[in-house]
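Visitor: Pasting a structure here, questions to come.
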Amino acid sequence: MTESHIPLSDLIAELRRELAAAEAEREGSDLKLLVEEVEIELQVVATQEEGAGVGVKFWVLKG
């Protein structure tokens, strides 16, 4: 299996979208979803990029 990297910000944004979609789908449904807290466990890699804008990026490993 090939390992790929996902930007941490993309993962968090997608998780938020998925939770919002699940909450929106509950409107008018007998099944109620209430998310009070979310805990996720990730393997994260930090890389430093040099150049015009020196900075650090965080990646979630997808294997």
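Visitor: Being surrounded by 10 or more Cβ atoms within 10 Å (Cβ to Cβ) and at pLDDT below 85 is the filter here; which residues of the range 15-37 pass it?
Guide: Within the range 15-37, ALA22, GLU23, GLU25, ARG26, LEU33 qualify.
Visitor: Before we move on, is GLU49 touching a strand residue (DSSP E or B) at 6+ places or on another chain (Cβ under 7 Å) and exposed (fewer than 11 other Cβ atoms within 10 Å of the Cβ)? Steps first, please.
Guide: Numbers: touching a strand residue (DSSP E or B) at 6+ places or on another chain (Cβ under 7 Å): yes; exposed (fewer than 11 other Cβ atoms within 10 Å of the Cβ): yes.
Yes; evaluated as a whole, the condition is true for this residue.
Visitor: Please name all residue pairs, on different chains or six or more residues apart, with Cβ atoms under 8 Å, provided the first residue is in the range 5-18 and is closer than 17 Å to GLU39 by Cα and the second residue is open to solvent by less than 60 Å² (accessible area, probe 1.4 Å).
Guide: LEU8/TRP59; LEU8/VAL60; LEU11/VAL60
Visitor: Look through the range 1-14, keep the residues that are β-branched (Val, Ile, Thr) and surrounded by 10 or more Cβ atoms within 10 Å (Cβ to Cβ), and return whichever of them is modelled with the lowest pLDDT.
Guide: ILE6
The values are calculated or read from the model by the stated rules, or taken from the named source; none is laboratory data. All values derive from a computational prediction rather than experimental measurement. Positions of Cβ are backbone-derived with ideal geometry, glycine not excepted, and every protein chain shown enters the neighbour counts. Quick note on the areas: whole protein, heavy atoms, side chains included, nothing else; ligands and nucleic acids left out. Shrake-Rupley method; radii C 1.70, N 1.55, O 1.52, S 1.80 Å.
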